[in-house]
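The values are calculated or read from the model by the stated rules, or taken from the named source; none is laboratory data. Fair warning: this is a prediction, and the values are worked out from it, not measured in the lab. Quick reminder, even Gly has a Cβ in these numbers, built from the backbone with ideal geometry, and neighbours come from all protein chains shown.
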2 protein chains.
Amino acid sequence: MRAGPSQEEIRRQNLGALLRYVHIHGATSRAELTTSLGLNRSTIGALTAELAAAGLISERAPRETGRAGRPSLVVRPESSRVFAYAYSIEVDRLRAARIGLGGVVLDRRQADRPPGLLAEDSLPLLAGFVKEMHQSVADGSVYVGSGVAVCGRLRRPDGAVHIRPDSGWAGNGEMDKPLGEALGEILPSVRPILVSNAADASAVAEHARGAANGYDDVIYLHRDVGIDAGIIVGGRRLTGQGGYAGEVGHMVVHPGGRPCGCGSHGCWETEIDEYALLHAAGQGDAIGRDAALRIVEAAARGDANAQAAIRQIGDWLGFGVANLVNIFNPGVVIFGGTLRDVYLAAAARVRSRLNSLALPASREQVRLRTPQLGEDAALIGAAELAFEHLLADPLDAG
Amino acid sequence: MRAGPSQEEIRRQNLGALLRYVHIHGATSRAELTTSLGLNRSTIGALTAELAAAGLISERAPRETGRAGRPSLVVRPESSRVFAYAYSIEVDRLRAARIGLGGVVLDRRQADRPPGLLAEDSLPLLAGFVKEMHQSVADGSVYVGSGVAVCGRLRRPDGAVHIRPDSGWAGNGEMDKPLGEALGEILPSVRPILVSNAADASAVAEHARGAANGYDDVIYLHRDVGIDAGIIVGGRRLTGQGGYAGEVGHMVVHPGGRPCGCGSHGCWETEIDEYALLHAAGQGDAIGRDAALRIVEAAARGDANAQAAIRQIGDWLGFGVANLVNIFNPGVVIFGGTLRDVYLAAAARVRSRLNSLALPASREQVRLRTPQLGEDAALIGAAELAFEHLLADPLDAG
């Protein structure tokens, strides 16, 4: 219902479109920018001059092409100079990275997160990483912002994210502690800090520059604490009315199934999580990611018990994917976190269930994939959140 | 990634924004348009002059306000002059209406659709309705286009909709018959004809001017042939990569449950459709909407068997709604078609299931509603599809 933009808004849109293009595609000739953005050559020249003056891009002549005529200048994002900090808070580890425009990881740090470590005690670790990395930042660099990807279901469209007890954070009463604010208090120099859950951040990253690139409808399944989905529909993140969409792990697939931490029974995540896998393999006493991965390895070695367990989990995995495919008709489903290994071990079962349970029209185009960015997806996605402000209005934020 | 619009595109956007505003909100003062659209008074004056010259709106002075000063002119959509045709093809009836800009039903026709009536034989009936209604169209009227809402799962983003055998159309081999094209051959004068399924059309109508107005995230459940959903996320229709999203009826909720026509077992629609209700009430031999509604009525009269059947269906209805609420975190869920009556009879069971199965954060904001536009939702939504072209570029299409 909003009216059209002003001339000044158009200029900003054009600057943002150009910067976004090289942020996603990397070095690009002016000629290609002219074609891809649908702007004339003089406009492209004016825009690149402004962005170069702000230190966001650089231009140089391409290598000798051997062809006659003046070659088109090549525009590059200033990846080593313009950067964001990205943090990933996971069940069992903490990571931080310095990521340059264009999605280039310039520096990184990682530490184990002891079970039950309190939020308050995790944040100083991340702050320490940032201070360390900041020492090697060259003079004249441009800091854009910070993004955090955090395990568990904590999402608000306005970024005022609340920590939930089942996110893997130890302790109670932290529900109302805004994570971005808490980190900002320790690291006042790196504000603003945008917060997302790990599934959403990973979906954004794979969509921008990974296995979901070129698809408008994407489901990124992430298993860390429980099962979350980062969902992209029509090219945009699904957030829901209150910011809590994507709780696919609590889709009930097995009425009367095992009790779930949410109070329900037979939730999808109770049928496919690490505990379900260990239980199916007769190792109900074991816990954790490593124990689950040992079962995947045992199945690969031919252990019959482990193979039966993988088949069972694969069936339930395919069952839930079929429901999501019927509902969303996605172009691609990505299996992230530790779901990646279970999917790879049980891909045939998953596909078979999908084929028998989903409607042909809904499933015929869908690709099943693992993350192309691997474990970096959450970090790169967190950085994308931080870059978003710059890309929307390059000269205001730069 | 697209660059900003040109001056001419902005003018068209502004014309569209103004016309869309009065199409949705009805008569609006210039002063309110200035505020709502964020444009200055002279721009609003120029835009209304252009739209009035094209016969799309009219302007007149408001009634005496009793206040000093010149009152702001009131802008109205030319509802009786600018119109679309809308068609609704349902399992057991055919409807057509002439609908004016602003969503006003100007004229309507309806006939029963005999079971098994072929597509070819349904379309001449609709064409006859249009010819009849067209006789009373005043000279100088503006015909905008036609929209069809059709039962069943037939959707393509490009409007080249294919008829599916389980849509209630009799016969086989009609899968590849584009409905809009077939109707256009009979009624060449009313092209273009846009086609949507009934759930999508109803969701669009309730979102624009009904129970979902003001919500960005909407699930409209429609039962006619099977269960479809028209889903709106972030204010836009969910279509999916290939145009087949919304097949919530084939979400499996009861592994090992009753066989479904899709080849699977325990699909949501097999647990909540008319047959399930009749079966639960011990009337497995009866069929059809009327028989199902008699059970709803018997339950209201206190019939214990019928009440038990309603409870059972209500539980499964709430079960599936809980899954969708966890996945989408919608602002509102609307129960349309014959689901309306089942929902009203079992509302407490549905809400109770929702409360026990959906996460608090996902469900706390959700409203459960019946269609505010009643049975007209599909027709009005079909007309909205036809108006969309005009609203996107009023002077090109007008």
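A few points about this structure:
- Residue count for the stretch B:337-361, restricted to those that are crowded, with 24+ Cβ neighbours inside 10 Å and over 25 Å from the mean Cα position of the chain (by Cα): 2.
- Among residues of the stretch B:347-384, those that are assigned to a loop (DSSP other than H, G, I, E, B), of a type in the set (A, V, I, L, M, F, W, C) and more than 29 Å from residue B:196 (Cα to Cα), counted: 2
- Any hit, the stretch B:316-325, residues being without any contact (Cβ under 8 Å) to a residue 40 or more places away in the chain, under 23 Å from the mean Cα position of the chain (by Cα), surrounded by 23 or more Cβ atoms within 10 Å (Cβ to Cβ) and over 17 Å from residue B:273 (Cβ atoms): no
- Criterion (assigned to a strand (DSSP E or B), touching a residue at least 24 places away in the same chain (Cβ under 8 Å) and closer than 30 Å to residue B:224 by Cβ) met by exactly one of B:24, B:99: B:99
- Residue within the stretch A:126-145 that is closer than 26 Å to residue A:395 by Cβ, acidic (Asp, Glu) and assigned to a loop (DSSP other than H, G, I, E, B) present: yes
- Residue list for the stretch B:295-333, restricted to those being within 14 Å of chain A (Cβ to nearest Cβ) and over 16 Å from residue B:271 (Cα atoms): B:325, B:326, B:327, B:328, B:329, B:330, B:331, B:332, B:333
- One residue from A:254, A:250 being within 14 Å of another protein chain (Cβ to nearest Cβ) and buried (at least 21 other Cβ atoms within 10 Å of the Cβ): A:250
- Residue that is among the small types (Gly, Ala, Ser) and under 30 Å from residue A:148 (Cβ atoms), where the choices are A:36, A:88, A:29, A:6: A:88
- Residues that are in a helix (DSSP H, G or I) and either surrounded by 19 or more Cβ atoms within 10 Å (Cβ to Cβ) or of a type in the set (D, E, K, R) (or both) within the stretch A:37-57 comprise A:37, A:41, A:44, A:47, A:48, A:50, A:51, listed in sequence order.
- Candidate set: the stretch B:200-234, residues that are among the aliphatic types (A, V, I, L, M) and touching a Cys at 6+ places or on another chain (Cβ under 9 Å); chosen: the one surrounded by the most Cβ atoms within 10 Å (Cβ to Cβ): B:227
- Under the condition of being crowded, with 16+ Cβ neighbours inside 10 Å, more than 11 Å from chain A (Cβ to nearest Cβ) and not polar (S, T, N, Q), the residues counted in the stretch B:270-288 number 11.
- Restricting attention to the stretch A:233-244, the residues that are in contact (Cβ under 8 Å) with a residue 24 or more places away in the chain and touching a Phe, Trp or Tyr at 6+ places or on another chain (Cβ under 8 Å) total 1.
- Against the test of being closer than 24 Å to residue B:199 by Cα and at pLDDT below 95, the options B:317, B:339 yield a single qualifying residue, B:339.
- Looking only at the stretch A:62-90, and only at residues there that are modelled with pLDDT under 95 and in contact with a Leu (Cβ under 6 Å, 6 or more places away or on another chain), the one that is surrounded by the most Cβ atoms within 10 Å (Cβ to Cβ): A:87
- For first residues located in the stretch A:355-368 and closer than 17 Å to residue B:269 by Cβ and more than 7 Å from chain B (Cβ to nearest Cβ), partners that are of a type in the set (S, T, N, Q) and part of a helix (DSSP H, G or I) and lie 6+ apart or on another chain with Cβ distances below 7 Å form the pairs A:358/A:326.
- Considered as a group, the residues in the stretch B:1-36 that are at the interface with chain A (Cβ under 9 Å from one of its Cβ atoms) and touching a Lys or Arg at 6+ places or on another chain (Cβ under 7 Å) include one that is surrounded by the fewest Cβ atoms within 10 Å (Cβ to Cβ), and that residue is B:1.
- If the condition is being of a type outside the set (A, V, I, L, M, F, W, C) and at the interface with chain B (Cβ under 9 Å from one of its Cβ atoms), then the stretch A:37-55 contributes A:38, A:43.
- The residues of the stretch A:1-29 that are of a type in the set (D, E, K, R) and more than 30 Å from the chain's Cα centre (by Cα), listed by number, are A:2, A:8.
- Single match in A:263, A:256, A:282, A:249 (criterion: free of Cβ contacts under 8 Å to residues at least 60 places away in the same chain, within 16 Å of residue A:313 (Cβ to Cβ) and assigned to a loop (DSSP other than H, G, I, E, B)): A:282
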